[in-house]
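Accompanying notes for the structure given below.
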Amino acid sequence: MIRQETIQISGIRCERCVLRLAKVLEGHDGLEAANANLMGQVSLAWDDTRTSRDALLDAMARAGFREIVAA
């Protein structure tokens, strides 16, 4: 099943950051689509039989991009 979600992340400050995030996610098994903007919004689509939201967040966190959780 394909899941879709847009999350807010920290660490996006410039176009190079967006490109670095794309490189981090490139080739992630099960990731169908990813799109980030300079406001830190990342739209993800993934096959939940092959990867998980947590696995994607972990991959981003290892590169310095962390989810911003509303208080």
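Here are some residues: Ala22, Ala70, Ala63. Which one is open to solvent by less than 50 Å² (accessible area, probe 1.4 Å) and modelled with pLDDT under 95?
Answer to the check: Ala63.
Please work out which residue is farthest from Cys14 (Cα to Cα), limiting yourself to region 41-60 and to residues that are over 8 Å from the mean Cα position of the chain (by Cα) and among the β-branched types (Val, Ile, Thr).
In this case the residue turns out to be Thr49.
Restricting attention to region 36-52, and to residues there that are in contact (Cβ under 8 Å) with a residue 40 or more places away in the chain and part of a loop (DSSP other than H, G, I, E, B), which single residue is surrounded by the fewest Cβ atoms within 10 Å (Cβ to Cβ)?
So the first thing to find is which residues in region 36-52 are in contact (Cβ under 8 Å) with a residue 40 or more places away in the chain, and the list is 44-49.
Now restrict to residues that are part of a loop (DSSP other than H, G, I, E, B): 48-49.
Numbers: Asp48: 11, Thr49: 9.
Of everything passing the filter in region 36-52, Thr49 is surrounded by the fewest Cβ atoms within 10 Å (Cβ to Cβ).
Sort through Ala59, Ala33, Ala22 and tell me the only one that's without any contact (Cβ under 8 Å) to a residue 40 or more places away in the chain and in a strand (DSSP E or B). Don't jump to the end; show me each part of the working.
Working: Ala59 fails: in a strand (DSSP E or B); Ala22 fails: in a strand (DSSP E or B).
Criteria check complete, one pass: Ala33.
The values are calculated or read from the model by the stated rules, or taken from the named source; none is laboratory data. Note that this is a predicted model, so its numbers are computed, not measured. Cβ coordinates were reconstructed from backbone atoms using ideal geometry, including for glycine residues, and neighbour counts include every protein chain displayed. Areas reflect the complete protein model, heavy atoms only, side chains present, ligands, DNA and RNA absent. Shrake-Rupley method; radii C 1.70, N 1.55, O 1.52, S 1.80 Å.
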